[in-house]
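See structure below.
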Amino acid sequence: MSYLFQDWDANKGNLKGRIVMVLFRLAHPASKNNFLRMLWLPYLAFYKVLVEWFLCIELPHWTTVGKGLGLFHAQALVVNGCTVIGDNCYLRQSTTIGNIIREDGSFSGSPVIGNNVEIGSNVCIIGDIRIGNNVRIGAGSVVVKDIPDNAIAVGNPARVIRIMEPVRQQLPAEPEMLKGHG
């Protein structure tokens with residue numbers, strides 16, 4: 001049960017965020033097992049229709065998402081299924097996180113986002129890039145290059161305007177699920 005509700009506190013006072021994240025956590029195991037996917041097919045169809053069509057949030061069930069994802073004012077939110085999102089991250093409305101189509105028609109990799117990242121409204125994070133841990137990205141930013149740990153980035157294209165003092169508590173340098181992605 002704790003698996004299903006691991007994002008509950010991050011979405012305190014946000015019923016839509018709580019519902020979407022419980023539905024996502026319920027659907028996610030089907031991405032790991034073909035047999036389960038076959039059994040879960042009706043639920044996966046329900047998830048897609050409710051979350052994408054009615055709630056306007058594209059968060060594919062196979063996306064790798066750490067615990068504590070907060071969805072603030074979640075509307076027009078698009079996350080590519082190959083994106084990796086760390087623990088304790090917050091996404092705001094009208095945000096797009098995805099890959100690009102290259103001139104030869106192939107697709108780039110998708111972003112890898114570290115732990116404790118806050119992403120403002122109307123942000124685009126595009127391409128095979130890495131967003132470090134403890135990062136803040138300002139509203140309206142377009143991120144097309146890596147952002148280091150403990151940075152505040154804003155603008156189009158986004159640029160680092162400040163490096164914050166690292167948090168004194170012991171945080172892992174890289175969550176286990178991000179190893180090998182950056």
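A few points about this structure:
- 222 nm mean residue ellipticity, helices alone, for the chain (DSSP H n ≥ 4; -39,500 (n - 2.57); rounded to 500): -4500 deg cm²/dmol
- Remark on the range 10-74: ratio of C-alpha radius of gyration to 2.2 N^0.38 Å is 1.09.
- Given charges at Cβ of Lys, Arg, Asp, Glu: the chain dipole, positive-most of GLY140, TYR3, TYR90: TYR3
- Separation of the range 29-51 and the range 91-150, taken as the distance between their Cα centroids, equals 27 angstrom.
- For the range 9-155, the fraction of alpha-carbon pairs in successive 5 Å shells from zero, as %: 2, 10, 19, 23, 19, 15, 8, 3, 1, 0
- Beta bridges per DSSP with both ends in the chain, % antiparallel, nearest 5: 15
- As a proxy for reagent exposure, ranking TRP53, TRP8, TRP62 by other Cβ atoms within 10 Å from fewest up yields TRP53, TRP62, TRP8.
- The slack in the chain from ASN33 to SER106, taken as 0.36 nm per residue of separation less the alpha-carbon distance, amounts to 23.6 nm.
- Counting lysine pairs in the chain whose alpha carbons fall under 22 angstrom apart, excluding pairs fewer than 8 residues apart on the same chain, gives 9.
- Couplings 3J(HN,Hα) of the range 47-52, computed from phi: 4, 4, 5, 5, 6, 7 Hz, in residue order, whole Hz [Karplus 6.51 cos²θ - 1.76 cosθ + 1.60, θ = phi - 60°; x for Gly and Pro].
- Length-normalised contact order of the chain in % [C-alpha pairs under 8 Å, at least 6 apart]: 13
- Site pair LYS145 and HIS73 shows an inter-label distance of 2.9 nm when each label is modelled 7 Å from Cα along Cα→Cβ.
Values quoted throughout were computed directly from the atomic coordinates according to the rules given, and no laboratory measurement underlies them. Computed from a predicted model, the values in this text were never measured in an experiment. Quick reminder, even Gly has a Cβ in these numbers, built from the backbone with ideal geometry, and neighbours come from all protein chains shown.
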